[in-house]
C-alpha cells in the first residue's frame, strides 16, 4: 500500500488474533479499513483538522471527554458512568442506572475475570464476547481466563477482592518497551482461586450456583493465550504524542501494541483521540 490519503474520525483500532497468536490491527477512517499490521516501516502521517466529533452522537465538540465523548454524552451515557471503571459500584438495583435498556445488553451477560501479563501480572475483567480483543487492547503478551460470571458487577466484585493480592493496572510505558518476563499464570490462577474460594462461595450463595464458574477447574479450560504484536523494534524511551499540542503526527511506523502506534521512541494512543478528525497519509 503506497501513497494513500484518507480522511475521517479516529476510532479504536479493530483487532483480531490469528491461529498462530499474532495480533492484527486495522484503522477505520470513513468507509475504509486500513490494515496497519502490513505497514511496518512505512511512513505514516496523521494530520488533525481541529474538529472533534462525539463517538456516540456525532455532535461536534470543542473538547473530548472519556475517549471521544461530548460533555452531554459524558454526563448522561451509561457507558461513561462510574460503574464502567468500577463495576462493583453498579447501581442498577437502586433504580439509578442512566440507561437501563443499554445495561441489560452490556452488563447482564457473561463476563470473564482474567489474568494477564502486559508489564506485570494483573487481574482484569471483560465481556466474554470481548476475548481476546480486550487482551490485545491492553498489550498483554500472555492472558488466561480464570472465572466466568453472569454479570459485570460480579466480575467487578471478584476483581476487587483479588486486588490486595495482585495489581489491576498496566504500566503502559513498560508495556511498550518490550515483552515482560514470563510468569506462570496457571500457577498464579490456582493460588488466587484458592485464596478467593470462600468469597466466591458467598457470591454463589447470594446469586445462584451458576453465577460464578472457575474456568481453571474445567477439564476443557483454555491454556494460557500467547499474543505476539507487529513490532519491528521496541523504543528505548517512550514519549507520548498529543494531537492537542502537536496536530501532525508523522514518522516511520516501527510497531503497534495495545492501542498504540510506535514511531521510534514516540508513541501515539489511537483510542485516546477517538473522535478527532484526521487526514491519514501513507507512503513507503
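Every number here is computed from the coordinates shown, using simple stated rules; none is lab data. Nothing here was measured: the structure is a model prediction, and the numbers come from that model. Quick reminder, even Gly has a Cβ in these numbers, built from the backbone with ideal geometry, and neighbours come from all protein chains shown.
In a Gaussian network model over the chain where Cα atoms closer than 10 Å are linked, find which of 183, 44, 34 has the largest mean-square fluctuation.
183
What residue among 229, 92, 147 has the largest mean-square fluctuation in a Gaussian network model of the chain, using Cα springs under 10 Å?
Of 229, 92, 147, the Gaussian network model singles out 92 as fluctuating most.
With the chain treated as a Gaussian network of Cα nodes joined by springs under 10 Å, which of 51, 31, 110 yields the largest mean-square fluctuation?
31
Taking 8 Å as the Cα distance limit and 6 or more residues as the minimum spacing, I'd like the relative contact order of region 109-226 as a percentage. Intermediate values should be presented prior to the final figure.
Details: 190 pairs, mean separation 39.8, N = 118.
Worked out over region 109-226, it gives 34 percent.
For the chain, what is the mean residue ellipticity at 222 nm derived from helices alone (per DSSP H run of n ≥ 4: -39500 (n - 2.57); sum divided by total residues; nearest 500 deg cm²/dmol)?
Numbers: 7 runs with 61 residues, N = 284.
Rounded to the nearest 500, the figure is -6000 deg cm²/dmol.
What is the order of 111, 14, fewest Cβ neighbours within 10 Å to most?
Numbers: 111 27, 14 14.
By the 10 Å Cβ count, ascending: 14, 111.
What distance in nm separates the two pseudo spin-label positions at residue 94 and residue 182, each 7 Å out from Cα along the beta-carbon direction?
Distance between label points: 4.7 nm.
From Cα pairs below 8 angstrom and at least 6 apart in sequence, can you work out the relative contact order of the chain, rounded to a whole percent?
Numbers: 597 pairs, mean separation 89.9, N = 284.
About 32 percent, as a whole number.
What is the order of 161, 69, 42, fewest Cβ neighbours within 10 Å to most? Kindly include the intermediate steps, with their values, before the conclusion.
Working: 161 20, 69 25, 42 15.
If I rank by nearby Cβ atoms, fewest first, I get 42, 161, 69.
What order do you get for 225, 237, 89 when you list them from fewest to most C-beta neighbours inside 10 Å? Could you put the intermediate results ahead of the total?
On the way: 225 20, 237 10, 89 14.
By the 10 Å Cβ count, ascending: 237, 89, 225.
Roughly what angle does helix 185-207 make with the longest principal axis of the chain, taking Cα atoms, 0 to 90 degrees, to the nearest 10?
60 degrees
Rounded to the nearest 5, what % of DSSP beta bridges with both residues in region 164-284 are antiparallel?
Working: 8 of 10 bridges.
Percent antiparallel among DSSP bridges in region 164-284 is about 80.
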